Amino acid sequence: MIDFKTVTDQVASLVDQVRDEGLGDATPCGHYTQAQLLNHLTGLSLAFTAAARGETGPHNDAPPGEPPTSLEPGWRDELKQRLGELADAWSEPSAWEGEALAGGVTLPASVMGLVALNEVAVHGWDLAAATGRPYALDPDVIETLTAFTGQDADDQSAREGVYAPVVELPAGASPQDRLIALTGRDPAWRP
C-alpha cells in the first residue's frame, strides 16, 4: 500500500493556482490544454476511486475518451473533492487486493493502484509545469513510480499508446526528472 495523500494534496493545491485565462494554454501532456488536463484529472480520479472500491459502471467500464475543452461550473471544488476521495479509497487495504477495473482494463489491484498513483503524480507535474508552479514529489513516491514506469523503458513497443519515448537526460538529473523523462516528457518543458 502506498499513501496517495501526499500526491493528491499537492495536486489539489495547484487547482486554485490555475488562471481562468490560461485554460486554453498548452501543457506538457501531448496535445491537452490545461482545461483538458483538468477534465482528465477529474475523470481519472473518479474512475480510479471506483476501481479501488471494486465498483463497475460508466466511470470505469470503458477507455476514457478525449477530455472536453471546457470545464463545468464548480470544477475546482469538484476536482479537489475527487482527489480526496481517491486518496481515501486507496488508503483501504482491501483496495489493493484482488482485481480492479478502470478504463475498461482489469488488472491486479496492486498494479491498478500504481497506475492510479502514476496518473495523478505525473499529470500533477503536467499541471504544475503548465502553470509555472513548483512541484516536488515525495522521494518514496518517486522511487516507487520510477521502478513501475521504468519496467519497459528499453522496449518502446511495450510502451506504445501509454508513453512517448523516454527523454534522454544529462548525468546527474534529479530522481523526479528521471521519472518524468521515463513518461516521455521533457523535465525542462516550459509554457
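If you compute Rg/Rh (Cα atoms, Kirkwood Rh) for the structure shown, which of [x] 1.04; [y] 0.94; [z] 1.01 do you land on? Among [x] 1.04; [y] 0.94; [z] 1.01, the one calculated here is [y].
Counting only DSSP H runs of at least 4 residues, each contributing -39500 (n - 2.57), and dividing by the residue count of the chain, the helix-based mean residue ellipticity at 222 nm comes to -15500 deg cm²/dmol. Taking amide H as placed 1.01 Å from N in the peptide plane, the amide H of Glu99 sits under 5 Å from that of Ala109, each at least 5 places away or on another chain.
Which order do the peptides 166-179, 49-62 take when ranked by the mean count of other beta-carbon atoms within 10 Å per residue, highest first?
Ranking the peptides 166-179, 49-62 by packing returns 49-62, 166-179.
For segment 87-107, the residues whose backbone nitrogen is under 12 Å from a point 7 Å from the Cα of Thr56, taken along Cα to Cβ, are 100-102, 104-106.
Take the alpha-carbon centre of segment 113-158, take the same for segment 39-62, and report the distance between them in whole Å. Their Cα centres are 19 Å away from one another.
Between Asp88 and Asp155, the simple label model (points 7 Å from Cα in the Cβ direction) yields a spacing of 4.0 nm.
Extension gain, Gln81 to Ala164, is 26.9 nm, computed as 0.36 nm per intervening residue step minus the present C-alpha separation.
Provide the gained length on full extension for the span Ser174 to Asp140, in nm with one decimal, where the gain is 0.36 nm per separating residue minus the Cα-Cα distance.
Extra length from Ser174 to Asp140 when fully extended: 10.9 nm.
Coupling constants for segment 21-26 follow from the phi torsions by the Karplus curve (6.51 cos²θ - 1.76 cosθ + 1.60, θ = phi - 60°), and in residue order they are 6, x, 4, x, 6, 6 Hz; glycine and proline get x. Using a cutoff of 8 angstrom between alpha carbon atoms and counting only pairs six or more residues apart, the relative contact order for segment 137-186 works out to 43 percent.
A short reminder: the numbers here are calculations on the coordinates, not readings from a lab. Remember, predicted model here, so these are calculated numbers, not experimental data. Glycine also receives a Cβ, built like all others from the backbone with ideal geometry; neighbour counts cover every protein chain displayed.
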